[in-house]
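One structure below.
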Amino acid sequence: MRQGPQKILTGSALDSRVAQFGMRSFVRSVQRGSFTMGAGAASGTVTITTVDTSNAVLTAMNNTPYQAAATATAATIFWRTTLTNSTTITFNSALAGDARIIYWELIEYWPGVIKSKQVGTVTVSGVTNASTTVTVVNMNKSILLLTGNTCVYNAAAYGDPREAPGNCFLDTSTSVKVQRGSNDAAYAGTWGFQLVEFY
C-alpha cells in the first residue's frame, strides 16, 4: 500500500512525465544544430551543453557540400561525426575541400534507459565488406546508428559511386559489418557507428 500524501504534479513537473505511464520522460535533453566546415578545413568541433556521454546518442544527418563537380571528390565530400567528450562534437573528412554544412542531433536519456553504448569504426579497403567485433548485445533491444564515413579517394570528381557509400549494420550480436558495392582499395573508407542497447 502506498504510504504518505501524494503530490499533484503541475506545470513543468507534469510535462516531464510520460502521459501514458505517469512516469518521467525517457529523454533528459535534446540538442541539435549545424556545423559549417569551412573551405580548406578537414575537421572542426562544436561546443554543446554538458551531457553524460554514456547516456547520450548522436545522430549525424547529411551534409550540404558547396563544391563544384569539377573539384568535389569522395575524400572531400564524405565525413564522420563523433561525440568526443561531454561538451564537444567533432567532425572529420579525409581531405580538406570547399565549405560544407553538417547537421546533427544529440539525444540524452535519463540513467536507466540505456544499458550499454559502444562507439567504434569499421575500415574497408580492397574488399567488399569488413566487420568489427563488439561486446555481445541483445539484438532485439539494440539499435545501430551510423555517424558517417570518410573515404580516401581523391583522384577524380566524385569517383565511382559504388565505392565510397556502404551499408553499416548489426550483423550478429557481436559483429558490426559494412558492405559496399565494389572492392577497389583506392576507395578505402572508415565508417563510424554507435551501438546502443536498451534495457
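The values are calculated or read from the model by the stated rules, or taken from the named source; none is laboratory data. Please read these numbers as outputs of a predicted model, since none were measured by experiment. Glycine gets a Cβ as well: all are built from the backbone with ideal geometry, and neighbour counts include every protein chain shown. Accessible surface is based on the protein model in full, side chains and every heavy atom, while ligands, DNA and RNA are left aside. Shrake-Rupley method; radii C 1.70, N 1.55, O 1.52, S 1.80 Å.
What to note about this one:
- Leading residue by the ranking (nearest to the chain's Cα centre (by Cα)) among those in region 101-121 that are β-branched (Val, Ile, Thr) and open to solvent by 20 Å² or more (accessible area, probe 1.4 Å): Val119
- Taking every residue in region 21-40 that is at pLDDT below 85 and pairing it with any residue that is open to solvent by 50 Å² or more (accessible area, probe 1.4 Å), at least 6 positions away or on another chain, the pairs with Cβ-Cβ distances below 7 Å are Met23/Arg17; Arg24/Arg17; Arg24/Trp110; Ser25/Arg17; Ala39/Asp98.
- Count of region 44-67 residues which are out of contact with any helix residue (DSSP H, G or I) (no Cβ under 9 Å at 6 or more places or on another chain), open to solvent by 30 Å² or more (accessible area, probe 1.4 Å), modelled with pLDDT under 90 and in a strand (DSSP E or B): 4
- Search result, residues across region 91-111 that are outside any strand (DSSP E or B) and either in contact with a helix residue (DSSP H, G or I) (Cβ under 9 Å, 6 or more places away or on another chain) or free of Cβ contacts under 8 Å to residues at least 24 places away in the same chain (or both): Asp98, Trp110, Pro111
- In region 176-192, of all residues being open to solvent by 20 Å² or more (accessible area, probe 1.4 Å) and closer than 13 Å to Ser131 by Cβ, the one that is modelled with the highest pLDDT corresponds to Lys177.
- Summed over region 77-100, the residues that are open to solvent by 30 Å² or more (accessible area, probe 1.4 Å), under 16 Å from Gly40 (Cα atoms) and of a type in the set (S, T, N, Q) give a count of 1.
- Scan region 162-199 for residues that are closer than 19 Å to Ser116 by Cα and of a type in the set (Asp, Glu) and the total you get is 2.
- Residue match in region 150-168 (condition: surrounded by fewer than 20 Cβ atoms within 10 Å (Cβ to Cβ) and not in a loop (DSSP other than H, G, I, E, B)): yes
- Single residue of Ala70, Ala74 found to be open to solvent by less than 20 Å² (accessible area, probe 1.4 Å) and at pLDDT below 95: Ala74
- Of note, Arg2 satisfies the criterion of being at pLDDT below 70 and of a type outside the set (S, T, N, Q).
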